[in-house]
Amino acid sequence: MKVRALLALTISFGITISLPGNSTFQMSTFDHSYITYGRLLRDHVVGTRVNYQTLKGNRSTLDEVAQAFARTTKNNFTSWATPRQLAFLINAYNIFTLQAIVEHYPIQRRWFDFWNPANSIKQIPGVWSTLRWQIAGTEMTLDNIEHNVLRQNYSEPRFHFAVNCASISCPPLRSEPYIDVRLDRQLVVATRDFLASDSGIRVEGNYLYVSSLFDWYAEDFVDHYANLVEVTGTVRERAIAGIIAKYGPSRASHVAQSGRAQVRFLPYDWSLNDLPLSH
């Protein structure tokens with residue numbers, strides 16, 4: 001009984017014990033500081049772009065990071081506090097996206113798809129809905145992680161500025177992992193940086209030309225931001241104006257708070273966020 005109890009503690013806390021007969025059991029805990037993943041990001045993320053060519057050459061480390069998400073059990077995941085779960089899910093989404101790109105890099109246009117860029121992630125068959133990864137004891141697609149877990153189970157719409165879809169108009173992949181103890185600050189910075197970029201907002205008079213992300217996911221922002229401003233229009237438009245008022249650059253924030261803001265959506269560039277060869 002003592003051996004069984006000790007073994008149970010070992011599984012819970014990730015320590016090593018030796019049992020009679022020289023049998024050693026070891027369970028490793030998940031690295032919530034994401035040391036290896038952080039090194040991978042620093043080595044291959046350059047500004048708002050990713051050097052997929054060099055990342056492909058470091059495939060073994062990429063796969064090692066992804067395997068850590070697969071080894072985590074559902075029980076461990078559910079025992080974590082919300083910020084730790086969120087950081088885990090955001091990082092998982094981004095590492096799995098990197099794997100999908102590297103697996104198909106250089107991306108080739110499908111013979112029938114001439115409406116998306118030739119090097120777009122959209123040229124990868126089923127990249128969001130069919131390709132599957134193991135994460136915390138469950139097999140999931142990228143759509144499952146984003147729509148069925150992050151959007152449904154967490155009241156944190158700023159994650160939209162942290163997950164990366166490997167495209168020019170997406171919020172960029174940052175050169176650091178998301179970590180629970182500083183997650184809120186990281187999400188603030190990611191949100192502000194995206195809203196300050198040409199892909200996030202462009203201001204013309206009282207018109208706010210905003211990323212199509214807000215068209216697709218405006219309802220996710222309603223509860224948090226719709227009541228921050230007075231805007232003539234729908235609750236979706238108030239939510240968009242609200243988050244811009246709070247996190248947008250000064251000019252855009254002023255227009256959002258003026259009560260006269262008109263929201264329009266920018267075209268979305270699905271070209272791969274690859275580092276230009278001339279770099």
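Examine the range 134-142 for a residue that is in a loop (DSSP other than H, G, I, E, B) and surrounded by fewer than 19 Cβ atoms within 10 Å (Cβ to Cβ), and state whether such a residue exists. For the range 134-142, residues in a loop (DSSP other than H, G, I, E, B) and surrounded by fewer than 19 Cβ atoms within 10 Å (Cβ to Cβ): present.
The set of residues from the range 59-113 being of a type in the set (Phe, Trp, Tyr) and either assigned to a helix (DSSP H, G or I) or closer than 15 Å to Leu40 by Cβ (or both) comprises Phe69, Phe77, Phe88, Tyr93, Phe96. Within the range 181-211, being in contact (Cβ under 8 Å) with a residue 60 or more places away in the chain, farther than 16 Å from Asn94 by Cα and surrounded by 19 or more Cβ atoms within 10 Å (Cβ to Cβ) holds for one residue alone: Ser199. Could you check, for the range 178-194, whether at least one of its residues is in a strand (DSSP E or B) and at pLDDT 95 or above? Checking the range 178-194: not a single residue is in a strand (DSSP E or B) and at pLDDT 95 or above. Considering Ala256, Ala239, Ala245, the condition of being part of a helix (DSSP H, G or I), over 24 Å from the mean Cα position of the chain (by Cα) and within 18 Å of Arg192 (Cβ to Cβ) is satisfied by Ala256 alone. Screening Arg151 on (1) more than 23 Å from Asp31 (Cα to Cα); (2) in contact with a helix residue (DSSP H, G or I) (Cβ under 9 Å, 6 or more places away or on another chain); (3) part of a loop (DSSP other than H, G, I, E, B) shows it passes everything except condition (3).
Condition check ((1) of a type in the set (S, T, N, Q); (2) in contact (Cβ under 8 Å) with a residue 12 or more places away in the chain; (3) part of a loop (DSSP other than H, G, I, E, B); (4) outside the structural domain of Asn94 (by TED's automatic domain parsing)) across all residues:
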site: Trp115; (1), (2), (3), (4): no, no, yes, no
site: Ala118; (1), (2), (3), (4): no, no, yes, no
site: Val127; (1), (2), (3), (4): no, yes, yes, no
site: Glu146; (1), (2), (3), (4): no, yes, no, no
site: Asn164; (1), (2), (3), (4): yes, yes, yes, no
site: Pro171; (1), (2), (3), (4): no, yes, yes, no
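State whether the residues of the range 214-226 include one that is at pLDDT 95 or above, part of a strand (DSSP E or B), outside the structural domain of Tyr52 (by TED's automatic domain parsing) and crowded, with 19+ Cβ neighbours inside 10 Å. No, there is no match, as no residue in the range 214-226 is at pLDDT 95 or above, part of a strand (DSSP E or B), outside the structural domain of Tyr52 (by TED's automatic domain parsing) and crowded, with 19+ Cβ neighbours inside 10 Å.
The values are calculated or read from the model by the stated rules, or taken from the named source; none is laboratory data. Just so you know, these numbers come straight off a predicted model, no measurement behind them. Counting neighbours? That spans all protein chains shown, and the Cβs are built from the backbone with ideal geometry, glycine included.
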